[in-house]
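I have placed the structure first, in the form of structure tokens, so that the comments after it can refer back to it.
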Amino acid sequence: MGLGSPASGPGPPARPEHRNGGRMTGHLPHTGRPDPGLRPGAPAIAPRIFALAATLRRSFNAEAAPRTGLSHEKARILILIGDFQPVQMADLAQHTSLDPGQLSRGISELVAAGLARREARGRTRVLSLTEAGAPVYAELGAYTAARNAELLQDLDTAAQAGLCHALDLILSRADAMLDRDRDGPQDGPRDGPRAETARPTGGHGE
């Protein structure tokens, strides 16, 4: 059963909440951090995801960045190259939220540092790790695996699977919303989330 189910004991303490100008605020469970304002009854999903991403980035910058000499963005790119090598840049872009300029600069800096290489494969160019990049990739893999295990230690296997499934649904819905916003107003109901949305699977990229 998942965290907070009857078999796992009492759930987290209720959030202290108060109304402020028609909005309900309080503190995030276990952290003591202020909970972003939200309409009564609406779960604050996006602020929690943003807060988690920011916290993990700060953790990486404090611990792993000094050891590897890589920024969070370049570490993500190196991990993805290692996960999918040999890989074309266009394919790599499907597995990261970095914009094309950030991705291109990050790749160029990894190549200049001798951690990755570009090679011609027929009419295309592919990316792979160098001998110097391989141990950095392994170190980053061990770091992220340990951090993920610690991050999820309060969730049993079923709860972890449920969390991943829920996040996949949210990401797919967000992609559908982005498509709608890019296309402009439409008449009639929109289709649900796209089933073909590419997301990293396996590996240890973040």
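Bear in mind these aren't lab numbers, they're just calculated from the coordinates by the rules spelled out. For clarity, every value in this text was computed on a predicted model and none was experimentally measured. So basically every Cβ, Gly included, is an ideal-geometry build from the backbone, and we count neighbours across all protein chains shown.
Worth a mention:
- In this simple spin-label approximation, E73 and Q102 carry label points 7 Å from Cα along the Cα→Cβ vector, and these lie 0.6 nm apart.
- Counting charges near E109 (Lys, Arg +1; Asp, Glu -1) among other residues having Cβ under 15 Å from its Cβ returns a value of +4.
- Calculated FRET value between E139 and D183, using beta carbons and R₀ = 41 Å, to 0.05: 0.45
- Computing FRET efficiency as 1/(1 + (r/R0)^6) for F50 and A176, where r is the C-beta to C-beta distance and R0 is 22 Å, gives about 0.65.
- Working from Cα pairs under 8 Å separated by at least six residues, relative contact order for region 70-161 is 30 percent.
- Kirkwood Rh, Cα atoms: Rg over Rh of region 80-154: 1.04
- Label point 7 Å beyond Cα of D91 along Cβ direction - residues of region 67-84 with amide nitrogen under 20 Å: 76-84
- Difference of contour (0.36 nm per residue) and Cα-Cα distance, E109 to E150: 11.7 nm
- Ascending count of other beta-carbon atoms within 10 Å, so fewest first, for Y137, Y143: Y143, Y137
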